[in-house]
Amino acid sequence: MVVFVDGDVSCRVEGRRRVKSWLKQVANHHGSHLGDVSIVACSDEELLTYNRKYLDHDTYTDIITFDHSEGTTLSGDLLISFERVLENAESQHVDFQEELRRVIVHGLLHLAGFKDKTQSDAKAMRQAENEALSMFHVEHAR
């Protein structure tokens with residue numbers, strides 16, 4: 001089950017039912033199924049606090065993924081800085097909701113085992129994100 005949680009900012013995800021269905025489809029596409037996934041809306045400062053406390057990183061980021069998956073069941077907490085997503089959307093000249101879906105699916109792909117620390121891993125992650133986003137647009141174009 002996917003839940004949308006207001007952290008210290010409002011969780012402004014549009015089309016929640018469609019997003020839930022899409023995330024289930026992405027999980028299935030990667031040989032897994034969707035367990036409990038929380039999408040938590042945070043400010044930059046809130047996410048920075050988590051980044052410092054749990055990852056020992058002193059940088060802003062758009063998402064931190066806490067993986068609680070077991071076997072092929074993808075579960076976890078996706079903490080997202082809505083401020084970072086807005087800034088990324090503006091700098092990339094894309095719609096906020098489109099960038100938010102990219103960040104959400106990025107977190108889900110981490111739960112599915114994708115990494116992004118090396119250049120080749122980051123390239124594979126970006127390809128999987130693009131494929132997942134196209135799945136959303138095909139499935140929900142109607």
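Here, each number is a calculation from the coordinates, and none is a lab measurement. What you see is a predicted model; the values in this text were computed from it and never measured. Here Cβ is always computed from backbone atoms with ideal geometry, including for glycine, and neighbour counts include all displayed protein chains.
Mind listing the phi-derived Karplus ³J(HN,Hα) values for segment 3-12, rounded to whole Hz, using 6.51, -1.76 and 1.60 with θ = phi - 60°, and x for any glycine or proline?
Residue by residue, segment 3-12 yields 10, 10, 10, 6, x, 8, 9, 6, 8, 8 Hz.
Which of K123, K117 comes first, and how do the rest follow, when ranked by fewest Cβ neighbours within 10 Å?
On the way: K123 11, K117 8.
Fewest to most other Cβ atoms nearby, the residues stand as K117, K123.
Can you sort S32, S75 by how many other beta carbons sit within 10 Å, fewest first?
Values: S32 19, S75 16.
If I rank by nearby Cβ atoms, fewest first, I get S75, S32.
Averaged over all directions, how much area does the convex hull of the C-alpha atoms of the chain cover when projected, in nm²?
Here the figure is 8.2 nm², rounded to one decimal.
Report, by chain and number, residues whose modeled amide H sits under 5 Å from the one on G35, excluding near sequence neighbours (fewer than 5 apart, same chain).
The answer is L74, S75.
Would you kindly derive the ³J(HN,Hα) couplings of segment 98-105 from the backbone phi angles with the Karplus curve 6.51 cos²θ - 1.76 cosθ + 1.60 (θ = phi - 60°), listing them in order in whole Hz, with x for Gly and Pro?
Values, residue by residue: 5, 5, 4, 4, 4, 5, 4, 5 Hz.
Taking loop as defined by DSSP and a crowding limit of 16 other beta carbons within 10 Å, which trypsin sites (Lys or Arg not before Pro) in segment 83-115 fit? Each step should come with its number before you reach the end.
Values: sites: R84, R101, R102, K115; in loops: K115.
Those that pass, being in a loop and sparsely packed, are K115.
Suppose only helical runs count, i.e. DSSP H with n ≥ 4. What mean residue ellipticity at 222 nm does that imply for the chain under -39500 (n - 2.57) per run, divided by all residues and rounded to the nearest 500 deg cm²/dmol?
Working: 5 runs with 74 residues, N = 142.
Theoretical 222 nm ellipticity from helices: -17000 deg cm²/dmol.
Amide H of I63 versus every other amide H placed in the peptide plane: which residues, excluding those fewer than 5 positions away on the same chain, fall under 5 Å?
HN-HN under 5 Å from I63: S81.
What lysines could a cross-link reach from K123, if we take a straight Cα to Cα line under 27 Å and drop same-chain neighbours fewer than 8 places away?
K20, K24, K115
Give me the percent relative contact order of segment 1-139, please, defined on Cα pairs under 8 angstrom at least 6 residues apart. Spell out each step's value before the answer.
Working: 223 pairs, mean separation 31.4, N = 139.
Dividing the mean separation by the residue count of segment 1-139 yields 23 percent.
Classify segment 1-74 from the C-alpha gyration tensor, please: rounded if a/c falls under 1.5, else prolate or oblate depending on whether a/b exceeds b/c. Mind dumping the intermediate values first?
Details: a/c = 2.73, a/b = 1.47, b/c = 1.86.
It is oblate, given that a/c is not under 1.5 and a/b is not larger than b/c.
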